[in-house]
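Sending over a structure as structure tokens; questions will come in a sec.
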Amino acid sequence: MEQCSLTPLADLTIANTVSDLIQGDIREHLPLERIPLQGDVLGLGTTSSLENGELSFLRNASGNSDIWRCIAHNGSIIRLQPGDGSGHFPYICFTGDVTALRHPVDLGPLTQQAHRSTQELIRAAIEQECKRGALAEAPIYGIRLLAHWDELVITVASKLCMGQQQRNQAFSRDSDEGSQTETSIYDRLQHYRLAPLPPDQPGDPIRYLGRSMQWDCCGFFDCEPERGRVTVPKASDHLHLHGCSTDLAYGGHVLHDHPNTRLGSIEQLALYPLQTIESLCSDLAIQSLTYGDGQIHFSVSNAGALDVSDVGVAVVVDDRFSDHRYLQIPWMSAGESESFSLAWPLPPGQHSIAVIADPQELVIEPQNRRQNNRMELKVNIP
């Protein structure tokens, strides 16, 4: 479902995707202020490369939800608040208040939880509840999970998670083994270990944090993970789980399939069938273009639902790209526009003027929305 407006009607809203992160630098951002947090709101995401961190959505004592930022360099967490300057997210997915969709799972039939795959346990829970008619089938399920781990390995996203090193490198979505991009996106990040005792392994690259073993987790189970909407685009990666320790000491991306992660028990599990999905996108546009008194006048707008950073604009006269002018707009919020005047005296005769927003197509926009990135004008100078 390709949409660009932020509406409260969809069960799940996605601002960019995990596939977008893998493919290159992200210039599109959704601010914290545009995410409703009233009620039971599920979500996860990644902060900017300047801040380096993961986002976890947790319930609070008032019955609403908070976003906690997990910090890359030490695994600690802070609660985000509107206006604190840290709320622009290059990838985030979130629901509205899904209290009505919440389905607590009877954990009794899920036997032998200890050291089983968390993903397989959640898959079994979905199948169990669907078979008995208690849970609707859905393309994506939201998850709230309270778990006790015997040992847990987490990562916290850093600049590497946005895949700058992988820009323009193809990745296969149907490989059994997965491509280098798919299998290494988390391997290249700093790992942290939670365990009752520090491991007796001198030089262990996985940094030991402590013994905070009970975690409040939130995430998504995608029945079509190869689409790369909320998980790495790989057929076997259905589960994307973020969380924080219940003592609010640590948080990050839960590496549920890491060989050193060992589940103790699932204490609470709730599933949310998410039927409708909305994808937010950017939409740059040249709105006006005129020429007079030796100056080119034009305006650039962001008609999309995401803020955009580092917007390039090229001005080309008479198709002479070797003589073009290039402007850089550091930031343009959704719904904003900016006007420019560029001195460019033209000799007598017929001339063409073209203004192109994002000429290198670095901003993620649907192809059917790129037509308005360019505007041309014919002028006759007497």
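Let me know the charge dipole size of region 40-109 about its Cα centre in debye, to the nearest 20, where only the beta-carbon of Lys, Arg (+1) and Asp, Glu (-1) is charged.
So the dipole magnitude of region 40-109 works out to roughly 40 debye.
From the backbone phi of region 62-78, what are the Karplus-calculated ³J(HN,Hα) couplings (6.51 cos²θ - 1.76 cosθ + 1.60, θ = phi - 60°) in whole Hz, Gly and Pro given as x?
Karplus values, whole Hz, x for Gly and Pro: 7, x, 9, 10, 10, 9, 10, 9, 9, 8, 5, 7, 9, x, 7, 9, 9.
Using θ = phi - 60° and the Karplus curve 6.51 cos²θ - 1.76 cosθ + 1.60, what whole-Hz ³J(HN,Hα) does each residue of region 129-140 get, with Gly and Pro shown as x?
Result, rounded to whole Hz: 6, 5, 5, 8, x, 8, 9, 6, 6, 8, x, 9.
Which order do the peptides 201-213, 357-369 take when ranked by the mean count of other beta-carbon atoms within 10 Å per residue, highest first?
Averaged packing, sorted descending, gives the order 357-369, 201-213.
Can you pull the percent of the chain's accessible area that's carbon plus sulfur, 1.4 Å probe, other chains left in place?
48 percent
Moving on to the next point. Rounded to the nearest angstrom and ordered from largest down, what semi-axes does the equivalent ellipsoid of region 224-382 get from its C-alpha gyration tensor (root of 5λ)?
50, 15, 14
Please list the non-local residues whose amide H lies under 5 Å from the amide H of N16, H modeled 1.01 Å from N, same-chain partners needing a gap of 5 or more.
L280
So how many Å³ per residue does the convex hull of the Cα atoms of region 60-147 work out to?
168 Å³
Of Y326, V230, A147, which is farthest towards the positive pole of the chain's charge dipole, taken about the Cα centre with +1 and -1 on the beta-carbons of Lys, Arg and Asp, Glu respectively?
So the residue we want is A147.
If you don't mind, there's one more thing I want to ask. Would you mind working out the accessible area per residue for the chain, using a 1.4 Å probe, and quoting it in Å²?
Dividing the accessible area of the chain by its residue count gives 43 Å².
Picking from Q23, I77, Y272, whose Cα lies most toward the positive end of the charge dipole for the chain (charges on Cβ: Lys, Arg +1; Asp, Glu -1)?
With unit charges placed on the Cβ atoms, the residue in question is I77.
Among S309, W215, L239, whose Cα projects farthest towards the positive end of the dipole of region 196-313, with charges put on the beta-carbon of Lys, Arg (+1) and Asp, Glu (-1)?
W215
Can you list the HN-Hα couplings for region 230-242, worked out from phi with the Karplus curve (6.51, -1.76, 1.60; θ = phi - 60°), rounded to whole Hz and with x for Gly and Pro?
Along region 230-242, the couplings run 10, 9, 4, x, 9, 4, 8, 9, 7, 10, 10, 10, 10 Hz.
Which value at 222 nm does the chain reach when only helices count, each DSSP H run of 4 or more adding -39,500 (n - 2.57), with the total divided by all residues and rounded to the nearest 500 deg cm²/dmol?
-2000 deg cm²/dmol
Suppose every K and R has +1 on its Cβ and every D and E has -1 on its Cβ; what is the size of the dipole of region 281-350 about the Cα centre, in Debye to the nearest 20?
120 debye
Wrap a convex hull around the Cα atoms of the chain, take a quarter of its surface area, and give that in square nanometres.
Projected area, direction-averaged: 21.4 nm².
So, one more: Given +1 on the Cβ of Lys and Arg, -1 on the Cβ of Asp and Glu, and no further charges, what dipole in debye does the chain carry about its Cα centre, rounded to the nearest 20?
Value, rounded to 20: 260 debye.
The values are calculated or read from the model by the stated rules, or taken from the named source; none is laboratory data. All values derive from a computational prediction rather than experimental measurement. Counting neighbours? That spans all protein chains shown, and the Cβs are built from the backbone with ideal geometry, glycine included. Quick note on the areas: whole protein, heavy atoms, side chains included, nothing else; ligands and nucleic acids left out. Shrake-Rupley method; radii C 1.70, N 1.55, O 1.52, S 1.80 Å.
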